[in-house]
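Just below is one structure, and these are the notes that go with it.
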Amino acid sequence: MRGICLFLICASAFAAPSAQLLPKAPVRFERNQGQAGPSLLWSARGPGYSIGFTQDATLLRVGERTVAMRFPGQNAAAPFAAAHPFSVPTNYVTSRYQGNVPAYGRLRRHQVYPGIDVVYYGNGDNLEYDFEIAAGADPSLIRMRFDGADELQLAAGGDLAVRVADKTLTQHLPVVYQSQASGERIVLPAAYRIGANHEVTFALAPYDVKAPLVIDPVISFATYPSGSGSDVGIAIARDQYGFIYLGGTSSSTDYPNLNGGVDVNRGGQDAFVMKLNPNANSGAEVVQYASYYGGGGVDSLKAMAVDPTGLIYLTGTTNSSDLVTRSNAYKTTIGGGTTSGIIGTDAFVVFLDPARSGSLTLVYATYLGGTDYDEATAITYFDGKIYVTGSTSSYDFPLVKPYQPGRAPGRDMFVAEIDPNQSGSASLVGSTYFGGAGSDYAYSLAVDAPGHVFVAGSTTSRDFPVSPNAYQSTPSGAGDGFLTEFYLHDAAGGYSTYLGGAGVDAVRRMVLEPSGRIALAGYSGSRDFPVTQNAVQPLLGGDGAINAFLTVLDIRAAPANALTYSTFYGGRATEIAWDLKRDAQGKYYVGGYSFSENLPVSQNALSPVTAKAGLNGFIAVIDPSAPPVNALSYASYITGPGSQVVFGVDVDANGSIYLTGYATSDIFPAGFQAHKTPGNSDSFVLVFKP
């Protein structure tokens, strides 16, 4: 760990204890306004757990099971009252509910037993609830029963272990105290007692019955920002104020800070987005914005963009027929029909403004597609417009002033320009097919200052359209990468080239440099993939290997001079570069995943070796301006005993690296928060400074 400064981790589990983000965030309590299941009066969430409150029970979601904590003999009509309101509500944009729901830091239930209140509160690690016992009230009335648990045990040290399948909900030994007029607390010995029918009571030492008494148990949960299903971080970004944005996909019914308590899933999978304040002085202000977006089907986030002021743009793929759209949408109904009984998919495009309130947070939302399969994979913005690309097999994909008006055989890419300030059909201001007779997939999208649109991806088309000044005018293998420039409002078109060798090659991400050059990252299985003499790794990592690559092209130069830098990065097996960023000093940050056990890493690597052979994330920082021996300025595995992948990368002006993806095990050093659901895919956010 020498040479690494870890200053933040959230949504996962890692950072210096004084700088943890979500773990210090308070539990958020919400009255059910329709966003949660009909039986719930209130709900709450924390990282990795959800809580629901009915008239007679507190429902604790543990994995795929629900434990109902009941107080036998309680006053079932005892009213709830919330306190400590948060300044930031929770936003919902789902088919069930649209709007903001106020959130609170404490929830009190009055007179559960005569003279006894229950007060719920806590932080990202724990749910706490106090029994506040008025002077003269009888604490022996308090009984707890955990319906749905498989077993109750008293653990060493006096904690109560509630076993649910292969998981354990721990209720720590209660702290019992009485407060003096001076403010001093007198702590009293106490213990749990397990009786018949799994009923739990408290054994208390003698105390002053004329003074109020507080019994304070603590329930511990997992601390990853994840639920009981599969949760994947897809993209990470920052705005000019330093806020962090996490976008991803969740199939959990209990993803933290988002879902309305214990409830059936809205669909098989939803998109989510969170805005986090890493500099929050109070845990209450860590989560600045959080929202689901989805319907009753499967909704997959593929890309997110955030502008400097914090406006959020999302795109992905859906088969939900009930997505929430706005009245100004280009298309309010799904177009994907059925082929051989299989439901097709549409792209979706969403524009969110966290600064607005209520359903107006959703500025623009639309379906985009034809009657077959449409998948959006990248999104960006420029001059008030939204740009989206992806691939389609629909012959009736909507077109406006197309460069290529018809779809070629196979699968073609599409590029669309949307003006969210227009309504209906007028909001789609440009749209085109692009491709050849094979399969063409777009994965990355960018717009330069003059408004030229650049798209990169992979193609198997032997007749992919290329420009006369292409760096590589003919295909080299079974599949090549490509880079294409569009003038969406000018049929003349721009630059277009293949990129690859005799093997399989694909571009996954690109970055436009201020100089006008274009950096591309992806993967190559070609020994003859074009590399430059100053490459940090000039050769493919081994026979049959597939390695990541970083290539920089000057598309305004003559073809012979267009390749300004190119290198492999990888080991003997497979590396896939998934995201790419560039800092102001010209260093490139490549993130993805690896199957190699000999990945090149730096001396100050966070994880210099794999924890286990198999799938591991990685981050590599490459400086093309440095001599080859020093060009790999930083590289590390992101690894653990299970599987882990880096999908999103960002970097700030101080050189801090931001990563997101998913992990199925502990991926951080001992002493930091542990992954507590082995095998479950959980999203993470890791921020560190090499």
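The values are calculated or read from the model by the stated rules, or taken from the named source; none is laboratory data. Bear in mind the structure is a predicted one, so any value in this text is a computation, not a measurement. As a convention, Cβ positions derive from the backbone with ideal geometry for all residues, glycine included, and neighbour counts pool all protein chains shown.
Might you let me know whether the stretch 403-421 holds any residue that is modelled with pLDDT under 95, touching a Phe, Trp or Tyr at 6+ places or on another chain (Cβ under 9 Å), assigned to a loop (DSSP other than H, G, I, E, B) and among the aromatic types (Phe, Trp, Tyr)? Yes; the residues of the stretch 403-421 include at least one that is modelled with pLDDT under 95, touching a Phe, Trp or Tyr at 6+ places or on another chain (Cβ under 9 Å), assigned to a loop (DSSP other than H, G, I, E, B) and among the aromatic types (Phe, Trp, Tyr).
Considering only residues in the stretch 279-323 that are of a type in the set (Gly, Ala, Ser), surrounded by 24 or more Cβ atoms within 10 Å (Cβ to Cβ) and more than 14 Å from the chain's Cα centre (by Cα), the one that is modelled with the lowest pLDDT turns out to be GLY294. Only residues that are of a type outside the set (A, V, I, L, M, F, W, C), touching a residue at least 60 places away in the same chain (Cβ under 8 Å), out of contact with any Lys or Arg (no Cβ under 7 Å at 6 or more places or on another chain) and more than 23 Å from SER87 (Cα to Cα) were counted across the stretch 308-334, and they come to 7.
Is one or more of the residues making up the stretch 543-566 within 19 Å of ASN616 (Cβ to Cβ), of a type outside the set (Gly, Ala, Ser), under 32 Å from the mean Cα position of the chain (by Cα) and surrounded by fewer than 20 Cβ atoms within 10 Å (Cβ to Cβ)? Within the stretch 543-566 (the criterion being within 19 Å of ASN616 (Cβ to Cβ), of a type outside the set (Gly, Ala, Ser), under 32 Å from the mean Cα position of the chain (by Cα) and surrounded by fewer than 20 Cβ atoms within 10 Å (Cβ to Cβ)), the answer is no, since none of the residues qualifies.
Those residues that are assigned to a loop (DSSP other than H, G, I, E, B) and more than 44 Å from the chain's Cα centre (by Cα), I need them from the stretch 190-216; list them, please. Within the stretch 190-216, ALA205, PRO206, TYR207, ASP208, VAL209, LYS210, ALA211, PRO212 qualify. Within the stretch 239-278, the set of residues being modelled with pLDDT of 85 or more and either assigned to a loop (DSSP other than H, G, I, E, B) or in the same structural domain as THR315 (by TED's automatic domain parsing) (or both) comprises ASP239, GLN240, TYR241, GLY242, PHE243. Evaluation of PHE486 against the conditions (1) modelled with pLDDT under 95; (2) more than 31 Å from the chain's Cα centre (by Cα) shows that the sole unmet condition is (2).
What strands (runs of 3 or more DSSP E) lie completely within the stretch 457-521 and have 1 or more residues being of a type in the set (Ser, Thr, Tyr) and within 23 Å of ARG407 (Cβ to Cβ)?
So the answer is 480-486, 496-499.
Of all residues in the stretch 342-394, those being more than 21 Å from the chain's Cα centre (by Cα) and not in a strand (DSSP E or B) number 14. Inclusion of THR371 among residues that are closer than 24 Å to THR432 by Cβ, surrounded by fewer than 20 Cβ atoms within 10 Å (Cβ to Cβ) and modelled with pLDDT of 90 or more is warranted.
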